[in-house]
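Contents: one structure, followed by commentary.
The values are calculated or read from the model by the stated rules, or taken from the named source; none is laboratory data. Owing to the predicted nature of the structure, the values given are computational and were not obtained by experimental measurement. Positions of Cβ are generated from backbone atoms using ideal geometry, with glycine treated the same way; all protein chains shown enter the neighbour counts.
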Amino acid sequence: MAEQKIRALFTEKSDLAISDIVKNFRLEESYEELMKKEEQDKNTNELAISLLAKEFTQGNISEANLILSLQKDIEISKETAEKISKEIINKVVPLLEKVPEEKLHNFEFKEDIAKKDEERPALSKTKEALYSKPLIDSQEKSKLSDEIILEDKKRTQEPLENLKTKKILPKKPIQPKPLQSKKTGPDSYREPIE
């Protein structure tokens, strides 16, 4: 009998577990890092972990390959990759929905999955939660805001001080120039007609 292929489908809990792994191992990426990876056509750390968890669950890669792939894709040490692989195996894999490949060809089953997917909050919401923590603490923020306010005051007061020192002349109405009278004599630019 042929071996039955299994597909791994993500659930809300598995998405949150992956987000927790990214957060716990401090693999969050700044906006600049995300843009750099986008330009280089590389996966984000969160997406890389998701894809590797899926591949492991489907039996496409071994645990040793999972560790090597984590190390290569996320650019982390071997020890960190081993810890993350254990987290994936213990926390993410049990939360993935495992479905036989043949079942995915069933139209009704596809509709049920689509409904579940619509009801499930988007992964971007978990990313929002990841990136919602402030990049600077409140003391630095207040210091920066004070500096910005002072900078704005300087910029707005400089023109006022310059205006006070300059003499402002009253505007005179513009008077039209008198028209010059035309010469009645022969035109010096034309040749005489003979």
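Only one of the listed residues (96, 52) is modelled with pLDDT under 90 and either surrounded by 15 or more Cβ atoms within 10 Å (Cβ to Cβ) or at positive phi (or both). That residue is 96. For the range 1-57, a residue qualifies if it is among the acidic types (Asp, Glu), within 18 Å of residue 73 (Cβ to Cβ) and either in a helix (DSSP H, G or I) or in contact with a Cys (Cβ under 7 Å, 6 or more places away or on another chain) (or both), and the qualifying residues are 33, 38, 39, 46, 55. Restricting attention to the range 55-93 and to residues that are on the phi < 0 side of the Ramachandran plot and in contact with a strand residue (DSSP E or B) (Cβ under 9 Å, 6 or more places away or on another chain), the residue that is surrounded by the most Cβ atoms within 10 Å (Cβ to Cβ) turns out to be 57. Just name the residue that is farthest from residue 93 (Cα to Cα) out of those in the range 1-39 that are among the β-branched types (Val, Ile, Thr) and within 21 Å of the chain's Cα centre (by Cα). Here the residue is 22.
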